[in-house]
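This report concerns only the one structure given below.
No value in this document is a laboratory result; all are computed from the given coordinates. Keep in mind it's a predicted model, so treat the numbers as computed, not measured. Here the Cβ positions follow ideal geometry from the backbone for every residue, glycine too, while neighbour counts run over all protein chains shown.
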Amino acid sequence: MKKLYIETVGCQMNLLDSELVVASLRKEGYELTNSTADADTVLFNTCSVRQHAEDKIYSALGRLKDAKKQMPNKVIGVMGCMAQKDQRLIFQRAPYVDIVVGPGQLHQIPRLVREARENPNQQQLEVSLGRKDGAVETIKRSHESFDPLRDPTMRPTPFQAYVRIQIGCDKFCTYCIVPSVRGPEQSRPGSQIVAEVQQLADEGCKEVTLLGQTVNSWRHTEGDRTWRFSDLLHAVHEVAGIERIKFVTSYPKDMTDDVLAAVRDLPKCVKYLHVPAQHGSDTQLARMKRGYTIADYREMHDRAKKWMPNVAITSDFIVGFSGESEEDFQQTMDLVRECRFKNSFIFKYSERPGTKSADHLPDDIPDEVKRRRNNELLALQNQISEEDNQRFLGQRVQVLIEGPSKKADPNAAGPLQLTGRTLCDRIVVFEGNRRQVGQTLPVAIYDANAHTLFGAVVTDHVGPEVFSLAGVSSAE
Ligand code: 5AD
Ligand code: SF4
């Protein structure tokens, strides 16, 4: 057996790509190791969304320099968004790297690794075309969706899976590198997606998370039928064995009535929407070219809440984008106060070479101001998340149990600390046993902080306690 070490940074799309690459290398006789020292092949699946993510990978590569000298046969590969963005620059900065492969070329990895082992001194670069490197159709073809047959043993849990429904992005927000590294938006055919979900269900998968950069913009024509995203949700909902359907990340303008109605009406759809607002000020949204105003966002948000009072909505925010005044920032604070998001992912603006904002807008907010705004927004969001989580005290929620919690001692005899999620994607921690992993069970909540609900599984035989809890109506 050859040993593979793989390190993944970035979004869910990268986690899925790594899962699929590992599965394809397993077929080549690889098994996973968690140390670079004894690995025959080391792969980094990279992210370019912020500078920090790239710095992390370049330092990790730096730490491999000596190992490669001692073990020249060790294959070192860089895959993912930074591979597409930096291309040969990676060979210049780390000359001992053997393979650089972009996210649209992952199907080539088994061959590239094989060839790198045979010819240790030959560096190989496989990337897709840039957004200006040809006709749209040619560029599209050069970004291939990597969707080989699934291998349940490769997933963190066999009953949960990511399913790619779309690659690329055409929104071109001015700060964002994704449209250049992941290429034009392309939707996978609905029939292919449903077949993949069916296969996953046949293998025991209970929860699927549909993935796309702007997942609710998905649309596909097959024959004379055009599927909208809501049609896809209905089709996936039909698959027997699937109990929960999630999707990330949504684009605010494409949160149409049919999508919200599908989420509301389909019981398997998780009542959770990740719809990044990015900013609370119209001037900043215009500079970001997000394509909507705060009034539009608010309308979408109110519609979702009106149709599904218990829906959990999360957002992303960028602080310290070019020209952000204190007043602009306060408008983001106001939006968070008003929308009371379940949680928000908050990022300091990081200028990305090759984006419109890097070319035309100054990165003019000092880092200490970015940091302060980040902390202020985070403190506000945490306060809201904690207050909202307190509403669950004394309530009973349905939890899909994912596995042992991070703090659980895997060798402990007796009860094990488990973690899972509610139907609106809140994390719940409670005591249980290994056999419960993969089941959906009622959990009574007795404590909560900003990020976690703490509870106890309600079992039928406890009788009196069930009755004492039964008077409280469930929030989900
Ligand atoms: N700087 C900081 N944050 C960014 N994001 C995207 N590009 C940048 C950037 N240049 C954030 C957005 C996006 C999330 C995945 O990352 O909020 O929704
Ligand atoms: Fe980037 Fe905007 Fe596309 Fe999201 S919608 S991936 S922020 S360009």
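If the limit is 21 Å between Cα atoms, which of Lys246/Lys370; Lys132/Lys171; Lys370/Lys406 go over it?
As for pairs spanning more than 21 Å Cα to Cα, those are Lys246/Lys370; Lys370/Lys406.
Against the 2.2 N^0.38 Å scaling, with N counting residues, where does the stretch 2-139 land? I'd like the Cα-based Rg ratio to two decimal places.
In units of the globular-protein estimate, the stretch 2-139 measures up at 0.99.
Report the full-extension gain for the segment Gln122 to Glu7: residue separation times 0.36 nm, less the Cα-Cα distance, to one decimal in nm.
Value of the extension gain: 39.1 nm.
State the answer as a single residue: which of Leu266, Phe247, Ala235 lies farthest towards the positive end of the charge dipole of the stretch 235-280, with beta carbon charges of +1 for Lys and Arg and -1 for Asp and Glu, about the Cα centre.
Ranked along the dipole, the leading option is Phe247.
Which GluC sites (Glu not before Pro) does the stretch 1-78 hold that lie in a coil by DSSP with at most 16 other beta carbons within 10 Å?
Hits after loop and neighbour filter: Glu28.
Net charge within 12 Å of Glu203 by Cβ-Cβ distance, Lys/Arg positive one each and Asp/Glu negative one each, not counting Glu203 itself?
0
No other cysteine beta carbon under 4.7 Å away is the test; run it over the chain and list who passes.
Cys with no partner Cβ under 4.7 Å: Cys11, Cys47, Cys81, Cys169, Cys205, Cys269, Cys339, Cys424.
Extending each Cα 7 Å along its Cβ direction at Lys65 and Val136, get the distance between those two points in nm, one decimal.
4.6
Quick one: of the DSSP bridges fully inside the chain, what percent are antiparallel, nearest 5?
Bridges in the chain are about 35 percent antiparallel.
Filter the trypsin sites (Lys or Arg not before Pro) in the stretch 1-102 to those in DSSP coil with at most 15 other Cβ atoms within 10 Å of their Cβ, and list the result.
Here the trypsin sites (Lys or Arg not before Pro) that fit, given the DSSP loop and packing criteria, are Lys27, Arg63.
For the stretch 330-337, in order, what is each residue's ³J(HN,Hα) by Karplus, 6.51 cos²θ - 1.76 cosθ + 1.60 with θ = phi - 60°, in whole Hz (x at glycine and Pro)?
Per residue, the Karplus-derived 3J(HN,Hα) values read 4, 5, 5, 4, 4, 5, 5, 4 Hz.
Report, ordered by chain and residue number, the lysines lying within cross-link reach of Lys74, taken as a straight Cα distance under 18 Å and ignoring same-chain residues fewer than 8 apart.
Candidates past the 8-residue exclusion: Lys2, Lys3, Lys65.
Under a 5 Å amide H to amide H cut-off, with H placed in plane at 1.01 Å, what residues pair with Phe392 once short-range neighbours are removed?
Amide H neighbours of Phe392: none.
Where does the chain land at 222 nm, in deg cm²/dmol rounded to the nearest 500, when only DSSP H runs of n ≥ 4 count, each adding -39500 (n - 2.57), divided by all residues?
Dividing the helical sum by the residues of the chain leaves -10500 deg cm²/dmol.
Grab the beta carbon distance between Asp55 and His360, set R0 = 30 Å, and tell me the FRET efficiency rounded to 0.05.
The formula returns an efficiency of 0.75 here.
With θ set to phi - 60° and the Karplus curve 6.51 cos²θ - 1.76 cosθ + 1.60, what are the ³J(HN,Hα) couplings of the stretch 366-379 in order, to the nearest whole Hz, using x for Gly and Pro?
x, 4, 5, 6, 4, 5, 4, 5, 4, 5, 5, 5, 5, 4
Give me the percent of Cα-Cα pairs in the stretch 147-386 that sit more than 27 Å apart, rounded to a whole number.
Tail fraction, whole percent: 40.
What percent does the relative contact order of the chain come to when contacts are Cα pairs within less than 8 Å and at least six residues apart?
In percent, rounded to a whole number, it is 9.
I need the phi-derived Karplus couplings for the stretch 224-231: 6.51 cos²θ - 1.76 cosθ + 1.60, θ = phi - 60°, integer Hz, Gly and Pro marked x.
My calculation for the stretch 224-231 gives 9, 10, 9, 8, 8, 4, 5, 5 Hz in order.
Past 29 Å, Cα to Cα: identify those pairs from Lys69/Lys348; Lys140/Lys289; Lys140/Lys271, in the order given.
Lys69/Lys348; Lys140/Lys271
Checking a compactness column here: for the stretch 36-88, what do you get for Rg(Cα) / (2.2 N^0.38 Å), N being the number of residues?
Taking the Cα Rg and dividing by 2.2 N^0.38 Å, one obtains 1.15.
Taking the stretch 356-428, which trypsin sites (Lys or Arg not before Pro) meet the DSSP loop condition and have no more than 14 other C-beta atoms within 10 Å?
Passing both the DSSP loop test and the Cβ count: Arg391, Lys406, Lys407.
Do you know the relative contact order of the stretch 352-429, to the nearest whole percent, from alpha carbon pairs under 8 angstrom that are 6+ apart?
Once normalised by length, the contact order is 19 percent.
Under 5 Å between amide H atoms, partner at least 5 residues away or on a different chain: which partners does Thr8 have, H built in plane at 1.01 Å?
Counting only residues 5 or more places away or on other chains, the set is Asn45.
Tell me, Kirkwood radius of the chain from alpha-carbon pair distances, in Å?
Final number for the Kirkwood radius of the chain is 24.0 Å.
Using every alpha carbon pair in the stretch 246-304, what percent of pairs falls into each 10 Å bin from 0 up to the bin containing the largest distance?
Each 10 Å bin holds this share of Cα pairs: 22, 51, 22, 5.
Counting pairs of Cα atoms in the stretch 74-177, how many percent are more than 19 Å apart?
Beyond 19 Å sits 54 percent of the P(r) for the stretch 74-177.
Please list the non-local residues whose amide H lies under 5 Å from the amide H of Phe345, H modeled 1.01 Å from N, same-chain partners needing a gap of 5 or more.
Counting only residues 5 or more places away or on other chains, the set is Ser315, Asp316, Phe317.
I need the calculated FRET efficiency for the pair Ala379 and Glu327, taking r as the beta carbon distance and R₀ as 22 Å, to the nearest 0.05.
Efficiency computed from Cβ-Cβ geometry: 0.70.
Over the stretch 2-139, what is the relative contact order in whole percent, taking alpha-carbon pairs under 8 Å and six or more residues apart?
Computed over the stretch 2-139, the figure is 21 percent.
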